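Below: the structure, in structure tokens.
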Amino acid sequence: MALDIFLVCGLGSLGQQCVMALSHFAVKIIAIEKQPPDAYEIPGISSCLDQLIIGDCRYLPLLREKASIAQCRAAILVTSNEEVNIETALIIRELNPATRLVVRSGKTNLNQLLAEQLGNFIAYEPLDLPANAFALAALGNETLGFFELENQWLRIVRIPIVSNHPWLTLNQAKLQDLNRHNRRILSVEKGKVSADWAFHQWNGEDGINVNDVIIAIELVDSLFSSLQPLPKKTTLTTFSQRKQPLWLDPFFERWQQFRLTVQSRPVILFASVAIISLLLLGTLLFYLTIPHIGVLGSLYRTFVLLLGGYGDLFAEIQEVTNYRWLLEPLALLLTLAGIAFVGILYALLTESLLATKFIFVRKRLPLPKQNHIILLGLGRIGQRISYLLKTWKQPLIGITLKSDFDFRLLPDIPVINQSFRESFDKVNLATAHSIVVVTDDDILNLEVALTAHKINPKANLVIRTARQGLSNSLMGLLPNAQVLETYRLAAEVFVGSAFGENILNLFRLNHQTILVTEYHIEAQDTLVGLLLAEIAYGYSVVPLLYQSENRPWLFFPSDDVLLREGDRLIILATIDGLRKIEVRDLQPKTWRVRVEKVINQDFLFEGANTISRISGCSLQQARELLNHLPNTLITPLYRPQAQRLLRALKKMQIVALLTKTPGNPMDNQTAS
């Protein structure tokens, strides 16, 4: 089978990480770089490339002739210039309408428009992608992941089993019993985590023991309930009752605000009515007494009197012959009323200015004293992290080293703008829960991390780096710190998307990046025709959500679901799990079920249906098995799948046991 061709444009930090991630797949990698690189940040990059082209990736003949764009399955455009990336995407789409385009771009609106026009197009801002992983790392060891699917929040949680844990009180409870309709066990740690960690490396028949650490994913109902939007306050007259055109909505809202203001302050209503009445009366009287000035002149003169200009019009009023006895006292009344009105106006303006001043004072939020998170570095990624942490109701202090920082970007958190040493004296570092360091300068991050660790060695330390070598050194120097490479995290999303999948979220678990990945099943997919049990245990992934055509979605679907074309599936997977799905690299099935006898013959029919449903064999094979006992099911199974079948048969009084497949070193092991 011919290798798929993937094109990577730009071999900066992100581009090199994309090449490294692609190298785990059986694909041909072609890279385009404008200038010959003097040295690569990641050793061994050149050996991962099948072809390196020096030139401008926007040059059409280069794409068509040297890069073989007509045969490329996907193009990953990750140069540091967004305009170059987008222009290259447009050119590639002209040359090959089928190439998958994965583009580095932070222009959200433009990205959406291009996705609609170009098709098979997706764009990411690499600094936005790792923010969720940084925010989760800042929470500490308990919450490892937190994301939303179909308006439902899911949380990945670390649960240490201590001597008084309620799960230990369950009568003869086993690990498999912890799985519920709203919870799935991802991992069970009984000591040090192995370097080749993957999902499902635990035995469901094992008991729950003290000192076990269980990693689970669960649906969240009440926790973080404050994330839900509050219902809008209703007023006496709603939009639907008025039925006005949409373009009138802004005017209606302002009228509602003015009406509420007037209702709350009767003096405003009284003053407004009085001034309007005097204005009309004065205009009419001036027009009657001095007809030649007209209506507009009469209005102007009334305004002058209301603004205290009686002396300016005194001479003109003295010359009036008609109704002078009425005009003079009215002019004086207008002047006095105007003075009162101006006084009220000044009072309202003063009140508004003072209220604005008090608002600014309130925005100088108090600094948390203990168990808070300190975030140093408030660039794009830092702002995204702060938003997530505030959404999760975490006490937070921001530190920025930029003198021109716009404090209006983060109005809801206290921000200190000084050197990090001066800032550490003010942010209660000694009692902080976590310190997150995410500036753009790796060396500065190293200095800050070492200083913070010296002051508070017990704090949860999260450090951003861009280079793999520095990351390894930091993990050796600060073994308890969480060191995250932004471009490495982002590259796994770019590469996963290059294969046509939609990466919804990511988090870190046991030093690996876990991708929340969405599949829309097509006829040629490697997932078609497989049970979810085969997908989960064969590819080492965790199905989270399943949806068939024209049916509602299901969280934590049953292992018995058979995947068909048109279905939708969302899973948790590592980049290695995505690779296995791409090349259909299923783990071998090494367990079989041997049925000894059926105690109650009434369960023969239901037993055959159960065997067929769980194992995936035909109904005829299942009935043939039960008609010739003792007998072994010819279809091999994965261990969790076989154990589940055994439990189901036991409930129907069918005696069965597990055996290993022939040729395995553990052939003679059995389980009841």
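Here are some conditions: (1) over 19 Å from Phe134 (Cβ atoms); (2) at pLDDT 85 or above; (3) surrounded by fewer than 21 Cβ atoms within 10 Å (Cβ to Cβ); (4) not β-branched (Val, Ile, Thr). His453 meets all but one. Which one does it not meet?
Only one criterion in (1) over 19 Å from Phe134 (Cβ atoms); (2) at pLDDT 85 or above; (3) surrounded by fewer than 21 Cβ atoms within 10 Å (Cβ to Cβ); (4) not β-branched (Val, Ile, Thr) is unmet by His453, namely (1).
Does Arg380 fit the bill of being closer than 25 Å to Val415 by Cβ, at pLDDT below 90, open to solvent by 80 Å² or more (accessible area, probe 1.4 Å) and touching a helix residue (DSSP H, G or I) at 6+ places or on another chain (Cβ under 9 Å)?
Yes, satisfied.
Select from the stretch 595-633 the residues that are polar (S, T, N, Q) and either touching a His at 6+ places or on another chain (Cβ under 8 Å) or farther than 21 Å from Leu532 by Cα (or both) and list them in ascending order.
Result: Asn600, Gln601, Gln620, Asn627, Asn631, Thr632.
Cβ-Cβ below 9 Å, separation at least six or inter-chain, first residue in the stretch 419-441 and surrounded by 19 or more Cβ atoms within 10 Å (Cβ to Cβ), second part of a helix (DSSP H, G or I) and acidic (Asp, Glu): which pairs?
Filtered contacts from the stretch 419-441: Phe420/Glu447.
List every residue pair whose Cβ atoms lie under 7 Å apart, where the two residues are 6 or more positions apart in sequence or sit on different chains, the first residue falls within the stretch 576-592 and is over 18 Å from Ile614 (Cα atoms), and the second residue, located anywhere, is open to solvent by 60 Å² or more (accessible area, probe 1.4 Å).
These pairs meet every condition: Asp576/His24; Arg579/His24; Val583/Ala26.
Scan the stretch 28-56 and report the pairs whose first residue is closer than 22 Å to Gln468 by Cα and whose second residue is open to solvent by 80 Å² or more (accessible area, probe 1.4 Å), with Cβ atoms within less than 6 Å and a gap of 6+ or a chain change.
Ile29/Asp50; Glu41/Arg467
Hey, Thr439 hits all of (1) under 24 Å from Glu142 (Cα atoms); (2) of a type outside the set (D, E, K, R); (3) not in a strand (DSSP E or B) but one; which does it fall short on?
(1)
I want to confirm something. Restricting to the stretch 1-27 and keeping residues that are under 23 Å from Arg584 (Cβ atoms) and free of Cβ contacts under 8 Å to residues at least 60 places away in the same chain, which single residue is least open to solvent (accessible area, probe 1.4 Å)?
Once the filter is applied, the top-ranked residue is Val27.
Evaluate the stretch 462-472: report whether one residue or more is closer than 24 Å to Trp197 by Cβ, among the hydroxyl-bearing types (Ser, Thr, Tyr), without any contact (Cβ under 8 Å) to a residue 40 or more places away in the chain and touching a strand residue (DSSP E or B) at 6+ places or on another chain (Cβ under 6 Å).
yes
Assuming Ser615 fulfils every condition listed in (1) modelled with pLDDT under 90; (2) more than 30 Å from Gln512 (Cβ to Cβ); (3) hydroxyl-bearing (Ser, Thr, Tyr) apart from one, which condition is it?
(1)
Taking Ser540 as the residue in question, decide whether it is in contact with a Phe, Trp or Tyr (Cβ under 6 Å, 6 or more places away or on another chain) and either β-branched (Val, Ile, Thr) or under 27 Å from Asn179 (Cβ atoms) (or both).
yes
Can you tell me which residue is surrounded by the fewest Cβ atoms within 10 Å (Cβ to Cβ) among those in the stretch 547-556 that are in a loop (DSSP other than H, G, I, E, B) and polar (S, T, N, Q)?
Asn550
Can you tell me which of Ala123, Ala75, Ala133 is free of Cβ contacts under 8 Å to residues at least 60 places away in the same chain and of a type in the set (A, V, I, L, M, F, W, C)?
Step by step, each of Ala123, Ala75, Ala133 is checked, and only Ala123 is free of Cβ contacts under 8 Å to residues at least 60 places away in the same chain and of a type in the set (A, V, I, L, M, F, W, C).
Could you check the stretch 10-110 for strands (runs of 3 or more DSSP E) lying wholly inside it with 3 or more residues that are over 21 Å from Thr486 (Cα atoms) and within 34 Å of the chain's Cα centre (by Cα)?
Fully inside the stretch 10-110 and qualifying: 27-33, 72-77.
Can you tell me which residue within the stretch 140-164, out of those that are β-branched (Val, Ile, Thr) and in a loop (DSSP other than H, G, I, E, B), is most open to solvent (accessible area, probe 1.4 Å)?
Val162
Output the residues belonging to the stretch 367-382 that are more than 22 Å from the chain's Cα centre (by Cα) and closer than 17 Å to Asn417 by Cβ.
Leu367
Filter the stretch 199-217 down to the residues that are within 19 Å of Thr143 (Cα to Cα) and in a loop (DSSP other than H, G, I, E, B), then identify the one that is most open to solvent (accessible area, probe 1.4 Å).
Residue satisfying both the conditions and the ranking: Asn211.
Would it be correct to say that Val448 is touching a Lys or Arg at 6+ places or on another chain (Cβ under 6 Å) and buried (at least 22 other Cβ atoms within 10 Å of the Cβ)?
Answer is no for this residue.
Could you run through the stretch 82-139 and say how many residues are open to solvent by 50 Å² or more (accessible area, probe 1.4 Å) and of a type in the set (S, T, N, Q)?
Residues that pass the stated criteria total 5.
How many of the residues in the stretch 173-188 are within 19 Å of Val210 (Cβ to Cβ), touching a residue at least 60 places away in the same chain (Cβ under 8 Å) and surrounded by fewer than 18 Cβ atoms within 10 Å (Cβ to Cβ)?
1
Looking only at the stretch 57-70, which residues are without any contact (Cβ under 8 Å) to a residue 24 or more places away in the chain and open to solvent by 50 Å² or more (accessible area, probe 1.4 Å)?
Scanning the stretch 57-70 gives Tyr59, Glu65, Lys66.
Would you say Leu544 is closer than 22 Å to Phe147 by Cα and open to solvent by less than 10 Å² (accessible area, probe 1.4 Å)?
When the stated conditions are applied, Leu544 passes them.
The values are calculated or read from the model by the stated rules, or taken from the named source; none is laboratory data. Just so you know, these numbers come straight off a predicted model, no measurement behind them. Because the Cβ atoms are built from the backbone with ideal geometry, glycine has one as well, and the counts that use them run over all protein chains shown. Side chains are part of the model used for accessible areas, which takes the heavy atoms of the whole protein and leaves out ligands, DNA and RNA. Shrake-Rupley method; radii C 1.70, N 1.55, O 1.52, S 1.80 Å.
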